[in-house]
Structures are given as C-alpha cells and as structure tokens.
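Student: Let me give you the structure first, and then I'll get to my questions.
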Amino acid sequence: MVSGSIAGQQAASAGGRRFSLRAREALTGYLFLAPNIIGFLAFTAFPVAMSFALGFLEWDLLSPPKFAGLDNYSRLFTQDTLFPKVLWNTVYYTLGSVPLGFMCSLGLALAMNQKLRGIVFFRTAFFVPVVSSGVAIAMLWIWLYHPYFGLLNGFLSLFSIRGPNWLTDPRWAMPAIIIMSVWKNVGYNMVIFLAGLQGIPQHLYEAAEIDGAGIGARFRYVTIPMLTPTMFFVIVMSVIGSFQVFEASLIMTNGGPADATRTLVLYIYNNAFQYFKMGYGAAMAWVMFAILFVATAVQMRLQREWVEYE
C-alpha cells in the first residue's frame, strides 16, 4: 500500500511538472505573439470595427457624431448622382488593367524564365517600378503624357500621328492611367508567374517532348494547366488591387477631367477627408468591401471549373 501511494504521488508530481512545463511554453508563445496581436487589434481590427460603426453616423470631425441609421447608404444609392459614374470608372479601370497586366506579366515571366547570361539584371529592371515611389512615377508619366513636349506624343509624331491630350481629354484620361499602372505593377505579377513557372516539374516537359509535342503544344498542355493556380491567385489579387487605385488618379488628374478618372477610393477620400463626411465615406468603403467580397466569392466558385491542382 505504501509503495502504491508513493508511486501515485510520483505520478502526480510528474504530471504537475509536465502541466507546468506546458503552461510555461504556452505563456512564452503568447508573449512572443503579443506584439503582433496587439498591433493587429490596434491598427486593423479596431479601425475596421470603427469604420463599420461610422457608416451609421453623421460626423464632420468638429461636432459630436449623430446617429443616422441607414441614411448614408440610402443617400449613396438614391441621391448621389456621381456615385454610379465613380463606380463605373473603377470597373472600367479594372476591365482595362487586369487583363492587360495579366498578359504582359505572363509574357515577361516566360521571357525571364530563360537561362541566359544577365537575365537577373532584366528581372530586377522590370521589378524596380514596383518598389519605386508611386508619386514620383505619376509625376514622370505626367511629363511623358504632355501633349506638346511629352515623349509619347513625340514618338507618335515620327509616324505622322497626332497624339491626344492624354490627361485632359475625358476619352483618353482613364486609358492613360491604365497604361501607367500596368507599367508600374507588371513586375510584381511577373515575379509571381516566374515562381509558378519554375515550380513546374521538368519531367513533364521531357515527357511531352518525347511524345512529339512542340513548343506550342507543351505550352498549351503542360505550362497552362500547371500554372492555373498561379493564374487564379494573380487574377484575384489584381481585381482587389484595381478597385483600390488611388494615387495615380489623385496625382495625375485629381479625378478629372469631368470626373472621368474619379475612382471609388478617391471618392471615399474626397468625402471623408476633404468634405469631412466621415460617416458617408465609411459607408462607401463598406459598399466597396461588399463588392469585392462578392467578386472574390464568385471567382472562388468559378475556379473549380478551370484551376487544376496537383
């Protein structure tokens, strides 16, 4: 009986030590995670929750906020005549920039996936605009788009083509911003596609070549199917990013001419931080979130039809 009691005490002591060790390990883990958790709560979760609450208030930053219920959302869809145009401008930018950027970045990735001397330099050169200042690039392109002294119209004049007033003509202002944005961001998706291309097993190409498949057939039946997960990721992120275009339209045209380049995020900025309609701007931001949520959900559903996973 005594030996059994001693054994039980030893087992209980060992269990207590193990529990204490697990508790210390858990506490240590939480301490390491604490800065990130606190940062997330303070700078992400709390602002998101506050923006949702602001959507139901009227607040101009100077007077106390007043509860407005659904008035901000009602006014957005029934009284704001500029909102449909702003929404269309954003969709127009998305429809123009996403397919063009997709094709350019995929083509560059295929070109940069060659084993050639100095290829690293070109990969870096195409990626440099991604990490460059958006303001500086916008200012550079304002000069390039100058109707009389810009390099772009100067180049067109060599072929006896009269270039348009890129940034002052409502028909050309948005295409001009799309071209600039694709040039700036093409290197980012190029790197993603390049990683996807280098992750394709080489033996698949070798097997296809043994079967007599040419370059076009190998691209169609090996590269494209194996690259569909990467394509899906690029498309989803590009759509989300295109709806958030801001600095290009702000700096290059300030939403003009005739509101032709006033995008959704720029309009949110105008209302919240220029007109001090914080509640109205917050409501508009949540409408944009709903649009992106639905668009992403639809893409997630459609990817089952064309994305192939190993």
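The values are calculated or read from the model by the stated rules, or taken from the named source; none is laboratory data. Source: prediction; values computed, not measured. In this analysis, Cβ positions are derived from the backbone assuming ideal geometry, glycine residues included, and neighbour counts consider all displayed protein chains. Please note that ligands, DNA and RNA were not included when accessible areas were found on the heavy atoms of the full protein model with its side chains. Shrake-Rupley method; radii C 1.70, N 1.55, O 1.52, S 1.80 Å.
Student: Check 293, 276 and return the single one that is within 23 Å of residue 46 (Cα to Cα) and assigned to a loop (DSSP other than H, G, I, E, B).
Tutor: Of the residues listed, the single one that is within 23 Å of residue 46 (Cα to Cα) and assigned to a loop (DSSP other than H, G, I, E, B) is 276.
Student: Is there a residue in the stretch 245-252 that is open to solvent by less than 20 Å² (accessible area, probe 1.4 Å) and either more than 20 Å from residue 143 (Cα to Cα) or outside any helix (DSSP H, G or I) (or both)?
Tutor: yes
Student: Just one of (1) open to solvent by less than 70 Å² (accessible area, probe 1.4 Å); (2) under 30 Å from residue 233 (Cβ atoms) trips up residue 164, so point out which.
Tutor: Here residue 164 clears every test but (2).
Student: Which count do you get for residues in the stretch 112-133 that are of a type in the set (S, T, N, Q), without any contact (Cβ under 8 Å) to a residue 12 or more places away in the chain and either touching a helix residue (DSSP H, G or I) at 6+ places or on another chain (Cβ under 6 Å) or under 15 Å from residue 191 (Cβ atoms) (or both)?
Tutor: Of the residues in the stretch 112-133, the ones of a type in the set (S, T, N, Q) are 113-114, 124, 132-133.
From the residues that got through so far, the ones that are without any contact (Cβ under 8 Å) to a residue 12 or more places away in the chain too are 114, 124, 133.
Keeping just the survivors that are either touching a helix residue (DSSP H, G or I) at 6+ places or on another chain (Cβ under 6 Å) or under 15 Å from residue 191 (Cβ atoms) (or both) gives 124.
Looking only at that region, the number is 1.
Student: Then there's this: Hey, among 223, 230, which residue is assigned to a helix (DSSP H, G or I), in contact with a Gly (Cβ under 9 Å, 6 or more places away or on another chain) and more than 24 Å from residue 177 (Cα to Cα)?
Tutor: Numbers: 223 fails: in contact with a Gly (Cβ under 9 Å, 6 or more places away or on another chain).
Selected residue: 230, the only one of 223, 230 that is assigned to a helix (DSSP H, G or I), in contact with a Gly (Cβ under 9 Å, 6 or more places away or on another chain) and more than 24 Å from residue 177 (Cα to Cα).
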